1. Which net charge results for the neighbourhood of G57, defined as the other residues with beta-carbon distances under 11 angstrom from its beta-carbon, given Lys and Arg at +1 and Asp and Glu at -1?
2. Quick one: if you stick a label point 7 Å off each Cα along the C-beta vector at T73 and N98, how many nm between them?
3. Within the chain, which is the longest segment containing none of the GluC sites (Glu not before Pro) that sit in a DSSP loop and have at most 12 other Cβ atoms within 10 Å?
4. For the chain, what value does the Rg/Rh ratio take when both radii are computed over Cα atoms and Rh is the Kirkwood radius, given to two decimals?
5. Hand me the trypsin sites (Lys or Arg not before Pro) from segment 80-116 located in a DSSP loop with no more than 13 other Cβ atoms within 10 Å, in residue order please.
6. On a full-extension model of 0.36 nm per residue, what is the gain between V112 and N8, subtracting their alpha-carbon distance, rounded to one decimal in nm?
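A short reminder: the numbers here are calculations on the coordinates, not readings from a lab. Everything quoted here is computed from the prediction, not taken from an experiment. Cβ placement follows ideal geometry from the backbone for every residue including glycine, while neighbour counts extend to all protein chains displayed.
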Amino acid sequence: MTSNTDGNLNAIFKAMQTLFLSDLPDEEYTKEVIDQFRSAFPRHSFLIIHPTHTIIGRHTQIHIERAATLWPTRGYNLYAMDYGDEVIITNTGARGFNNWCFSGQCRHEENVARFY
């Protein structure tokens, strides 16, 4: 018999496995990371981004380096935001799914994602 805690831990471990061990192409990787973390933590908003950006507001961050084809690694920042906290992230680089992806309580305009 598994408890709700076991289910939560499984979701967290699956999200972490996707984050660090995935060999998906960048565009699919960003989407999968966000999907897995939203599944594990449905009351939070998430954004993963590479490379250049600014962020204003309360958040939790982890930096990930994953294998790349042209360079040894490609760096991403994964941000988690609590619902109710206003956070503004401005992407100052390219804007395809290979460079950023997000989900949760947010509004998106061009290169700015506003979480609330």
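1. -1
2. In this crude label model, T73 to N98 measures out at 2.0 nm.
3. Result, exposed sites excluded: 1-85.
4. Value, to two decimals: 0.98.
5. Passing both the DSSP loop test and the Cβ count: R95.
6. 34.3 nm
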